[in-house]
Amino acid sequence: MRDIFTNPTVNDFLTSLATGDLNLETGFVWVVIATALSMVGGAIGGMLLAGKDIGYQFSAMLGALFGPAGAIPAILLGLVVLNFLTNY
């Protein structure tokens, strides 16, 4: 585990991720993290809205599938705006 964090490539990536630099790699990592969080939020929302009607597991699965449908375009638009604001 120590060898992974002492690797210069991984060290540079973690430094750029922590400092908030937006490049292709960090943007992809932020999209993956935000997609996972939107899936969790969609599953919770689906359970709250339709858990009693269609079952908690099915509503959580549907919520996790439909949660990122609105979140991913907003995430990408936000990253584009942040990249535009940091460059100009």
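Here the gap between ALA50 and THR15, fully extended at 0.36 nm per residue and compared with their Cα-Cα distance, gives a gain of 8.4 nm. When you count the other C-beta atoms within 10 angstrom of each residue and take the mean per peptide, 57-69, 75-87 line up highest first as 57-69, 75-87. Among ILE4, ILE54, ILE44, the ranking by other beta carbons within 10 Å of each residue's beta carbon, starting with the fewest, stands as ILE4, ILE54, ILE44. Under the criterion of Cα pairs below 8 Å and six or more residues apart, the relative contact order for the chain equals 25 percent. Seen through its C-alpha gyration tensor, with square-root eigenvalues sorted a ≥ b ≥ c, the chain comes out oblate because a/c lies at 1.5 or above while a/b is not bigger than b/c.
Here, each number is a calculation from the coordinates, and none is a lab measurement. Bear in mind the structure is a predicted one, so any value in this text is a computation, not a measurement. Don't worry about glycine lacking a Cβ; one is built from the backbone with ideal geometry, like all the others, and counts go over all protein chains shown.
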